Each structure stands twice: as C-alpha cells, then as structure tokens.
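S.K.: Have a look at this one.
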Amino acid sequence: MTQVRTRFAPSPTGYLHVGGARTALFSWLYARRHGGVFVLRIEDTDLERSTLESINAILEGMTWLGLDYDEGPFYQTERFDRYNAVIDQLLGSGWAYRCDCSRERLDGLREEAMARKEKPRYDGYCRGRTVASDAPHVVRFRTPAEGSVVIEDRVQGRIVIPNSELDDLIIRRSDGAPTYNLSVVVDDVDMGITHVIRGADHINNTPRQIHIFRALRAPLPEFAHVPMIHGADGAKLSKRHGAVSVMQYRDEGYLPEALLNYLVRLGWSHGDQEIFSLDEMIAQFDIAAVNRSASVFSPDKLLWLNQHYLQHADPHRVARLLSPHMGRLGIDPSLGPDLVAVVRAQEGRAKTLVELAEISAFFYRDFDAFEEQAARKHLRPVAEEALRGVRTGLAALDTWTPAAVHGVVEAVAASREVNLGKVAQPLRVAVVGRAASPGIDVTLHLVGKAACLRRIDQALAHIRAQAEHP
Ligand code: GLU
C-alpha cells in the first residue's frame, strides 16, 4: 500500500482562522493515524494579497496547536519555473493551447451569455488556431467537451459534474504567471499527495483539477471536502460571531488542546465522546465519518472544554502559561506567592487563563475597592467584632500556615457562637475584595500575613465609614 501523504495548503492572506485550523487538524490526523506524511504548503501566488505577516501568523498558529509538519513549508512562489515547465509540457501534448482573444471579444461573450441568462464561459475560439508564442496570449486548458467528471468524495459522497459546465480555464496568464488550479495540481502531483482534505468551498475547483491530473497522467488523489463552519445564526463564521483567529484564542486564554478538541468535534463524532486526548483523536479519527452538513460554532462549548482542560492540566504548565496574562495586568508573579500554588488553589474556578489571572490578581496586589454587592452584604457593623477578633488572632501568629489561619477563624467563630461562615465570609471579602475565592485558610496563607492585616484594617475602616455615613 502506498504511504498516506496529506497536506495543508493555506493562502497567506490573513491569520490562521478556525476553519483553516480544522482543515489542518483533519489532514494532520489522517496522516498521523495512517503513519503517513503531513506536508505544509504556502499558496502565496496571489502576490497582492499574500503577506509575510500572514505566513508567520499561520506558522505560529500551527506551532501553537502542535500541528507539526513532516515536509515543508513549501512556497508556491518558489516553484514558478516548475509550473511553467508543466504548462509547456501540456502545450506540447495538446492539452493546452494559446489564446489571444481580446478583452473586447471576451466581454462580448460574457454579455451575450448574460443576455441568454447562461453562465459566461469561453467559447473555445482559439482551440483550433495557432497563436505565436511571442505574441501576447494566455494559455488555456483544453477541457474535454463530452462526458462528465465523477468525484467519489470521502465526505460529500459522489459528485457528478458534466464537462459542458466547465470551460477552458486559463492556466497561464498573459503576464506569464501560472494560475491557481494549475499550481495546486502540479504541487499535489510532485508532493505525492494521496488525500486532498480541504474546505467544501473548493469543490468547484475539483473537476477542473481532476482534468489536469488526467492530462498529466498522474494518479488521482482521494478527495475529502469538509463542510463549512457557520455561526449560530446560520451565516458563515465571521468576526461577528466572536474570535475567528486561532492566535486570538491563545490571547484570550485558551489552551491549544481545548481548541483542538473543540475543532475535532466540529463535524466529526465518535459515539457520544466529547473529551479526546491527542492520542485518542489519532486513534479514532476517520475522515469518512465527517458530516456533510455545515458545522455550527459554539463559543460556549469551547469555553466548557477550556475549563475542563485548565482544571486537569499540570499546574506547573498552567502557571507558565498564566504568567504573561498576569503581566498584562501589571503583575509580576515572581514578587508574590508561588504561582503554581495559586493555580492549584484556583483549580476549576476559571474558564480561561484571562479569567484565572483576573481572579488571582488579589494574591499579588491590594485592590482599589471592595466589590459593591459583596461589601454591602458582608462588611456590615455586625461583622466588625468578628473581624477585629480575627485580626488580633492573626497578628499574634508566629507561624503563618493554612492550619494556623484556620485555627484562628475557628476560635473566633467558637467564641462568638456562630458558624464558621459568619466569620469566614466577611474575612474573605476583606482580604479578597469579593465573595468568591479558594478556601479561606489557603487564600490567607498565600496572600501573606502583612497584606491580610492591612486589608482587614481597610475593611474595618470601610465598615466604620458606612456606619457613620450609611
Ligand atoms: N489555498 C487554498 C485555501 O487557502 C486551499 C487549496 C487546497 O487545499 O487545495 O483555501
């Protein structure tokens, strides 16, 4: 059996978006599953729209997602000589011909077709003519007039396109530049691609490309066109629906494995399993099991997966990834409690790293104000005595451990004959600024003695001020 070879072939005209990432993931998984080779090819022939910045963004996105490629990146702009050699070969074998039809003539054809309410197409005028190679011309592919192309698409099923619907496409422009469909086929042949997995928006190109494969006497790859991704409103996924750039997800605090897990389930399923490790994806992914219909992007589900992965990831790794998000809040985590301990304490509390940074800021710096609702509920005159008692107890501690902190809170609650919450909640709001945090003893331990006492004083002042000016 021949070795499976797949490719991802993005056009670098923007960032790596989630649709492209999913196509890349499916191609990558197919190669990995079958012990094959995954090739990265940058389709940068559109010189006006391709940018170095986009190329870098795509490479960065692939790296972040861990979609490693075995060959490439190959750049189409470096292969023009090869494409031109193939075009000359097609001219030689009669599969292509030169065409010098004027713009006026072509415009006329288009208008006539429109008037007849037909699809505009070239009428083959130059098929039988001889056009000198040094005169201005384009090169067209001689599409068979009869018959039809049958695509046994691994996702879409059988697709039949009559050749009468295809016209003689231009494969070299008048400026000598090879065109898109030609370059793709030459690359897929030269790179030995066995499975072309790409977006369903390319289905229209496939019959044209199949003709070129045949003209080159090259074996046809398998085709698998994966469905488009839509927003919940049924429209094609766009910025309107939220982040579409892969790197934006990193910046918003997502883990790459959460995005991969989300993407693999977008159009593909394996029973009712939702959580897939990379190894499970590789072992179970099957291109033939991908849905035909458009997939609907659900930001909530992605968020849910991210929370799951954040909760189960190695705290050391989470701390490393969290650090820059703390930095964005102006916090240097090396100047406070161990970030790994903070991550452990916060386990399961945040959906993204951005949120985790926000709810962990208080460990590293005093806050400007108490959250209004929490303060109104918990920093009231009835809490004053308990807070004072806790302050005295904490100030007297020689060793600052979670157990010692716990002992003080318990002792104050016992002496006042109230349950632990009546003491812990005002204390939490005093030290954290809001009503939610990890366990009170761990929280206070990590915040540190001096900061705890300072913040309790601040809370007592707040209670006093409220009592005087309610
Ligand atoms: N360059 C095309 C794109 O970015 C993909 C072409 C292909 O996969 O054949 O949409």
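Values in this text are rule-based calculations from the coordinates and carry no lab data. Worth saying up front: this structure is predicted, and the values here are computed from it rather than measured. Note: ideal-geometry Cβ built from the backbone for every residue, glycine included; neighbour counts use all protein chains shown.
S.K.: Let me make sure I get this right: for segment 86-188, a, b and c are the square roots of the gyration tensor eigenvalues over alpha carbons, sorted descending. Under 1.5 in a/c it's rounded, otherwise prolate if a/b > b/c, else oblate. Which is it?
M.R.: Cα axes put segment 86-188 in the oblate bin.
S.K.: Something else now. State the dimensionless ratio Rg/Rh of segment 277-318 (Rg: radius of gyration of Cα atoms; Rh: Kirkwood radius).
M.R.: Over the Cα atoms of segment 277-318, Rg/Rh equals 1.09.
S.K.: Determine, for each peptide in 206-213, 168-175, 329-336, the mean count of other beta carbons within 10 angstrom over its residues, then list the peptides with the highest first.
M.R.: Final packing ranking: 206-213, 168-175, 329-336.
S.K.: Looking only at Cβ-Cβ distances, which cysteines of the chain have no other cysteine closer than 4.7 Å?
M.R.: C101, C452
S.K.: Sorted by average packing, counted as other Cβ atoms within 10 angstrom per residue and highest first, what order do 192-203, 386-397 take?
M.R.: 192-203, 386-397
S.K.: Report the extension gain between V382 and R464 in nm, rounded to one decimal, defined as 0.36 nm multiplied by the number of residues separating them, less their alpha carbon distance.
M.R.: Extra length available between V382 and R464 comes to 28.4 nm.
S.K.: Moving to a separate point now. To one decimal place, what Kirkwood hydrodynamic radius in Å is obtained for segment 16-117 from all pairs of distinct Cα atoms?
M.R.: 17.3 Å
S.K.: Among L166, A218, A200, which residue has its Cα furthest toward the positive end of the charge dipole of segment 164-243, with +1 on Lys/Arg Cβ and -1 on Asp/Glu Cβ?
M.R.: Ranked along the dipole, the leading option is A200.
S.K.: How much of the pair distance distribution for segment 327-410 lies past 16 Å, counting alpha-carbon pairs only, in percent?
M.R.: Every Cα pair in segment 327-410 considered, those over 16 Å come to 67 percent.
S.K.: Which distance in Å, rounded to a whole number, links the C-alpha centroids of segment 450-470 and segment 276-326?
M.R.: 44 Å
S.K.: Rg/Rh for segment 204-358: what does it come to with C-alpha atoms and Rh from Kirkwood?
M.R.: Numbers: Rg = 20.1 Å, Rh = 18.2 Å.
That ratio is 1.11, to two decimals.
S.K.: Along Cα→Cβ, 7 Å out, is where each label goes; now give me the distance between the ones at Q373 and A115 in nm to one decimal.
M.R.: 7.0 nm
S.K.: Classify segment 182-256 as rounded, prolate or oblate, taking a ≥ b ≥ c as the square roots of the eigenvalues of its Cα gyration tensor: rounded when a/c is under 1.5, otherwise prolate if a/b is larger than b/c and oblate if not.
M.R.: On the way: a/c = 3.65, a/b = 2.16, b/c = 1.69.
Prolate.
S.K.: Could you let me know the centre-to-centre spacing of segment 108-127 and segment 1-75, using Cα atoms, in angstrom?
M.R.: Comparing the Cα centres of segment 108-127 and segment 1-75, I get a distance of 37 Å.
S.K.: Counting only helical runs of four or more DSSP H residues, what would the 222 nm mean residue ellipticity of the chain come to if each run contributes -39,500 (n - 2.57) and the total is spread over all its residues?
M.R.: -14500 deg cm²/dmol
S.K.: Can you sort F141, F363 from fewest to most other Cβ atoms within 10 Å of each residue's own Cβ?
M.R.: F141, F363
S.K.: Restricting attention to the alpha-carbon atoms of segment 372-470, what are Rg (one decimal) and Dmax (integer), both in Å?
M.R.: Over segment 372-470's Cα set, Rg and Dmax evaluate to 12.3, 38 Å.
S.K.: So, one more: So which aspartates and glutamates pass the test for K301, namely a Cα distance under 13 Å, with those fewer than 8 places away in the same chain ruled out?
M.R.: E274
S.K.: Give, rounded to the nearest 20 debye, the magnitude of the charge dipole that the chain has about its Cα centre when Lys and Arg contribute +1 at Cβ and Asp and Glu contribute -1 at Cβ.
M.R.: That gives the chain a dipole magnitude of about 600 debye.
S.K.: Taking the Cα centre of segment 90-149 as origin, work out the dipole magnitude from +1 charges on Lys and Arg Cβ and -1 charges on Asp and Glu Cβ, in debye rounded to 20.
M.R.: Dipole about the Cα centre, nearest 20: 140 debye.
S.K.: Taking the dipole about the Cα centre of the chain, with the C-beta of Lys and Arg at +1 and of Asp and Glu at -1, give me whichever of Y15, G108, T77 is farthest to the positive side.
M.R.: Going by the Cα projections, it comes out as G108.
S.K.: Same structure, new question: Just for the Cα atoms in the chain, what are the lengths along the principal axes, largest first, rounded to whole Å?
M.R.: So the extents along the principal axes, rounded to whole Å, are 104, 50, 35.
S.K.: For K377, list the lysines whose Cα falls under 20 Å from its own Cα; do not include residues on the same chain fewer than 8 positions away.
M.R.: By straight Cα distance, K377 reaches K422.
S.K.: Looking at the square roots a ≥ b ≥ c of the eigenvalues of the Cα gyration tensor of segment 114-242, which shape do they give, rounded for a/c under 1.5, prolate if a/b is larger than b/c, or oblate? Provide the component values of the computation, followed by the final result.
M.R.: Values: a/c = 1.75, a/b = 1.49, b/c = 1.17.
Prolate shape, in that a/c is at least 1.5 and a/b is the bigger ratio.
S.K.: When all alpha-carbon pairs of segment 231-315 are counted, what percent fall beyond 19 Å?
M.R.: For segment 231-315, the fraction of Cα-Cα distances above 19 Å is 42 percent.
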